[in-house]
Structure formats: C-alpha cells, structure tokens
Amino acid sequence: MEESFKKKVEIMTNDVFQCMRDSHSVRHFQPDMIPDEMITKILEAGSWAPSAGNLQPWYFYVVKDQAVKNHIYEACVRQSQIEQAPVLIVILADPARSNEHYAERGAQLYCLQDTAAAAQNMLLAAEALGIGACWVGSFDEVAVQQAVKAAPRLRAVIILALGYSNEQQPEIKNRLRVAEVAKFIQ
Ligand SMILES: Cc1cc2nc3c(=O)[nH]c(=O)nc-3n(C[C@H](O)[C@H](O)[C@H](O)COP(=O)(O)O)c2cc1C
C-alpha cells in the first residue's frame, strides 16, 4: 500500500463511539469506486468479529461486476441502493461448519449471529473510513447465492451496499431511549 494512502486512512478514522453515533443507513451513493485498500480494511474489520467457538463460519464476497449486481438488484426487490452502490459485500454463512460443533443451535442461530457481528464491524469500519453503507436483508436468498456462484451449502445472509454517500448526514439518530430497553438486575 502506498505510504501517503496509509496515512490518509489513519487520519480519517474516528473514535468507535463517534462511529456508532454517526453510522446510519445510506441509500444514495456517488458513482465513484471505493479504493481496494479501503474495501480490504472493511473486510478485515469483518474478520475481527467474534464467532461461536471462533469457527468464523462466514464468507465475504465483494461484488463490483455490473451484471452480477443487476442479478442481485432483482433479487433484492429492486432496492435502488443496490443498483447505485459501486460495491456490494455479500456475507454468507456456512451452517454446516457451525453444525459440526454445535448441532442445531450452531446451524440455526450461531452462524447467523456470527455473520451479523461481522456485518456490524464492517459498518463501523466503513463509517470510520468515510464510506456510506446500507445493511440489506430483504432479498431472495437462493437468487443471491446463485448470482455470486456460492456453493449451495452457503446461505446468503446479509448484503452491505457501500459507496461514497450522496446524502446529508441525518440530524438525529432515531432510537428508543436506553431506559426503555435496559434493565439492571442487581
Ligand atoms: C437485519 C436487517 C435488515 C435490514 N434490511 C434492510 C433492507 O432490506 N433494506 C434497507 O433499505 N435497509 C435495511 N436495513 C437497515 C435498517 O432499515 C436501518 O438500520 C434502520 O432503519 C435504522 O436506521 P439507520 O441505520 O439509518 O440508523 C436492515 C437492517 C438490519 C439490521
């Protein structure tokens, strides 16, 4: 990696709490491509996520190819952010790997939780790097799995649409108050 680029990435990263506050779903993107170095950083962030038994039952397929993106767009009920985003990361789970160690609970639950943890790490990394992202979960799973030519045993679980945002940063992040959802048992 070029030295000047490395510096730029480091300077642009933010504190993790700031990233959690600022990170939000971006659904309108500029057409500019994200540098591969940044995509790699985002993938690394995904791979640092925890997973049950550290099995890491995940695959991250990076899609830039327009024809493949078109198939995914159709499989995602034509959500426009899929069409606009210069890069998609399809996160796939390998339930069989989790099943070997944890049986039904591994295959049905842990491997999906593992991919969600990886996806959230990637969203925070994207935010830290100044890249907009949208988590997309509404799609025809088999159609996406076939579009990226994944092995039939793999489940397409999450798609992240990534690119430079073409939106204004929202003023507020709409969330339930912590007091509404948290309970201290002491
Ligand atoms: C499991 C899951 C599935 C989602 N699926 C979609 C989706 O298919 N399309 C979409 O536009 N956003 C999707 N989102 C993004 C949510 O709509 C968004 O995170 C939520 O409304 C909060 O908004 P914010 O991310 O801007 O804070 C999904 C998020 C999660 C966690």
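The values are calculated or read from the model by the stated rules, or taken from the named source; none is laboratory data. Worth saying up front: this structure is predicted, and the values here are computed from it rather than measured. With ideal geometry, Cβ positions are generated from the backbone for all residues, glycine too; neighbour counts draw on all protein chains shown.
Restricting region 111-123 to residues that are away from the ligand (no atom under 12 Å from the Cβ) and under 11 Å from ASP94 (Cβ atoms), the residue that is nearest to the chain's Cα centre (by Cα) is ASP114.
Taken over region 129-163, the criterion of being more than 14 Å from the chain's Cα centre (by Cα) and either within 12 Å of the ligand (Cβ to nearest atom) or part of a helix (DSSP H, G or I) (or both) is satisfied by PHE139, ASP140, GLU141, VAL142, ALA143, VAL144, GLN145, GLN146, ALA147. Consider TYR73 carefully, then state whether it is within 16 Å of the ligand (Cβ to nearest atom), more than 25 Å from ASN174 (Cα to Cα) and among the hydroxyl-bearing types (Ser, Thr, Tyr). Taking the combined requirement at face value, the residue satisfies it. Counting only residues that are surrounded by fewer than 17 Cβ atoms within 10 Å (Cβ to Cβ) and under 16 Å from the mean Cα position of the chain (by Cα), region 44-58 holds 4 of them. Restrict the check to region 58-66 and report whether at least one residue is over 24 Å from PHE17 (Cα atoms) and at pLDDT below 95. Checked region 58-66: no residue is over 24 Å from PHE17 (Cα atoms) and at pLDDT below 95.
Just to verify a result, which residue in region 99-119, among those that are touching a strand residue (DSSP E or B) at 6+ places or on another chain (Cβ under 8 Å) and of a type in the set (A, V, I, L, M), is surrounded by the most Cβ atoms within 10 Å (Cβ to Cβ)? Step through it out loud before you land on a result.
Going residue by residue through region 99-119, those that are touching a strand residue (DSSP E or B) at 6+ places or on another chain (Cβ under 8 Å) are 111-112, 114-116, 118-119.
Next cut, of a type in the set (A, V, I, L, M) only: 112, 116, 118-119.
Numbers: LEU112: 17, ALA116: 17, ALA118: 29, ALA119: 23.
Once the filter is applied, the top-ranked residue is ALA118.
For region 143-186, a residue qualifies if it is aliphatic (A, V, I, L, M), touching a residue at least 12 places away in the same chain (Cβ under 8 Å) and either out of contact with any strand residue (DSSP E or B) (no Cβ under 6 Å at 6 or more places or on another chain) or surrounded by fewer than 20 Cβ atoms within 10 Å (Cβ to Cβ) (or both), and the qualifying residues are ALA143, ALA147, ALA150.
Taken over region 65-78, the criterion of being in a loop (DSSP other than H, G, I, E, B) and either under 15 Å from the mean Cα position of the chain (by Cα) or in contact (Cβ under 8 Å) with a residue 60 or more places away in the chain (or both) is satisfied by CYS76, VAL77. Would you confirm whether any residue within region 84-103 is within 16 Å of the ligand (Cβ to nearest atom), part of a helix (DSSP H, G or I) and modelled with pLDDT of 95 or more? Yes.
The numbered conditions (1) surrounded by fewer than 22 Cβ atoms within 10 Å (Cβ to Cβ); (2) at pLDDT 95 or above; (3) within 14 Å of the ligand (Cβ to nearest atom) are all true for ARG78 except (2).
Residues considered: VAL136, VAL178. Of these, the only one that is of a type outside the set (Gly, Ala, Ser) and under 15 Å from VAL63 (Cα atoms) is VAL136.
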